[in-house]
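Trainee: Have a look at this one before I ask anything.
The values are calculated or read from the model by the stated rules, or taken from the named source; none is laboratory data. This is a predicted model, so every value here is computed, not measured. Note that each Cβ is placed from the backbone with ideal geometry, even for glycine, and that neighbours are counted across all protein chains shown. All accessible areas refer to the heavy atoms of the entire protein, side chains included, with ligands and DNA or RNA removed. Shrake-Rupley method; radii C 1.70, N 1.55, O 1.52, S 1.80 Å.
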Amino acid sequence: MAQSEIIDTLRNKLGFSDKAIKKLIVFHDYLLRWNNKYNLISKNTENQVWSRHILDSAQLVKFSKGTKSGSISDLGSGAGFPGIILAIYHENSPFHVKLVEKSPVKRKFLKQIKSLLTLKIQIIENAYSEEASADIIVCRAFKKLREIIKISREIYAKPHKIIILKGKDAQAEINTLSLQKNYSYSLESSMTDPKSKIIVFQVNK
C-alpha cells in the first residue's frame, strides 16, 4: 500500500484525526533519521514503515475504542510500536499510555519523540515492575505468549485486556498454554497481513 492509501485508511477506517496524521508524518521522518545511526528498526523495513509498522500498530485502536478512560502499557515498545501510535490516537482521551522498553538507546529515542510531539506518555524500563501495570497490555514482537501471560498474572492484578500482534502460528502457540479459567481470548484478522492474527485476551477477576 502506498503512503497516501495508508493515510486514507488511518483517517477513514480507523478514525485518526488530521492532527494525528501530521504527528505520524513527523514521527515517521524522525524515526528514519535516527535509524541512520541507531538500529531502531530493521534497515530492510525502512521503505515499509507506513504499512509494516504504523498501520500494523494503528489497527489496535479498534480494540480500545469504546473505553472512555484507563491505561495502556506497551511491553517492549522498541521504537514506539504500537505505543507511540496509540498515544497519538488517544492524545485527546483520558488514556495514560506507558512505553516499557529496556534498551537505553530506544528509551532515549522515545523521550525525544515524547518531547517533539508533546505526548502524554510515561517511559518505563522494567516490564516486571508494578509501575508498568495498566488496564490494557499491548505487545508487538515482545516475548513468547507464556512469558506475557506470566507477567499478566504477576503484575496485573485487576481485570485487564491483553492485545498481541502475532503471526500465522498464533493458535498453535495458544494451544501450548495452560490458561486459567479467568482468561478468555479471541483471534482477530490483521489488516496488514492475511496470515497474521491479533490475539485479544480478556482477563477477569
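Trainee: Arranged from highest to lowest average of other beta-carbon atoms within 10 Å per residue, in what order do the peptides 188-196, 92-100 appear?
Mentor: Put in order of decreasing packing, that is 92-100, 188-196.
Trainee: Going by a ≥ b ≥ c, the root eigenvalues of the Cα gyration tensor, does the range 1-110 fall in the rounded group (a/c under 1.5), the prolate group (a/b larger than b/c) or the oblate group? Let's see the in-between values first.
Mentor: Details: a/c = 2.02, a/b = 1.17, b/c = 1.73.
Cα axes put the range 1-110 in the oblate bin.
Trainee: Using only the alpha-carbon atoms, how far is helix 104-116 inclined from the longest principal axis of the chain? Give it as 0 to 90 degrees, nearest 10.
Mentor: Once rounded, one gets 60 degrees.
Trainee: Something else about it: How far apart, in nm, are the 7 Å Cα→Cβ label points at ASN175 and ASN126?
Mentor: For ASN175 paired with ASN126, the spin-label model returns 3.8 nm.
Trainee: What is the helix-to-structure angle for 145-155, meaning the angle in degrees between its Cα long axis and the longest Cα principal axis of the chain, kept from 0 to 90 and rounded to the nearest 10?
Mentor: Computed tilt is about 80 degrees.
Trainee: Also, quick follow-up: Would you tell me the accessible area of SER178, worked out with a 1.4 angstrom probe on the heavy atoms of the protein chains, in Å² to the nearest 10?
Mentor: Here the accessible area works out near 100 Å².
Trainee: Okay, moving on. If you take the square roots of the eigenvalues of the alpha-carbon gyration tensor of the range 41-162 and sort them as a ≥ b ≥ c, do you get rounded (a/c under 1.5), prolate (a/b over b/c) or oblate?
Mentor: rounded
Trainee: For the chain, how big is Rg over Rh, using alpha carbon atoms and the Kirkwood form of Rh? Each step should come with its number before you reach the end.
Mentor: Values: Rg = 16.1 Å, Rh = 17.2 Å.
Result for the chain is an Rg/Rh of 0.94.
Trainee: To continue, here is another question. Starting from the 7 Å offset along Cα-to-Cβ, what nm value, one decimal, do you get for the label separation of LEU116 and LYS22?
Mentor: With each label point 7 Å from Cα toward Cβ, the separation is 1.6 nm.
Trainee: In whole Hz, with x marking every Gly and Pro, tabulate ³J(HN,Hα) for the range 34-41 from phi via Karplus 6.51 cos²θ - 1.76 cosθ + 1.60, θ = phi - 60°.
Mentor: 5, 5, 5, 10, 10, 8, 6, 10
Trainee: Show which lysines lie in cross-link reach of LYS166 when reach means a straight Cα distance below 17 angstrom and same-chain residues fewer than eight apart are skipped.
Mentor: Those lysines meeting the cut-off are LYS62, LYS143, LYS144, LYS195, LYS197.
Trainee: I need the trypsin sites (Lys or Arg not before Pro) found in the range 23-84, filtered to DSSP loop residues with at most 12 other beta carbons within 10 Å of theirs.
Mentor: LYS37, LYS65, LYS68
Trainee: Report the net charge of residues surrounding LEU145, where surrounding means a beta-carbon distance below 9 angstrom and charges are Lys +1, Arg +1, Asp -1, Glu -1.
Mentor: Taking every other residue near LEU145 into account, the sum is +2.
Trainee: Relative to the first principal axis of the alpha-carbon coordinates of the chain, what is the inclination of helix 3-12, with its axis defined by its Cα atoms, in degrees from 0 to 90 and to the nearest 10?
Mentor: Between the helix axis and the principal axis of the chain, the angle is about 50 degrees.
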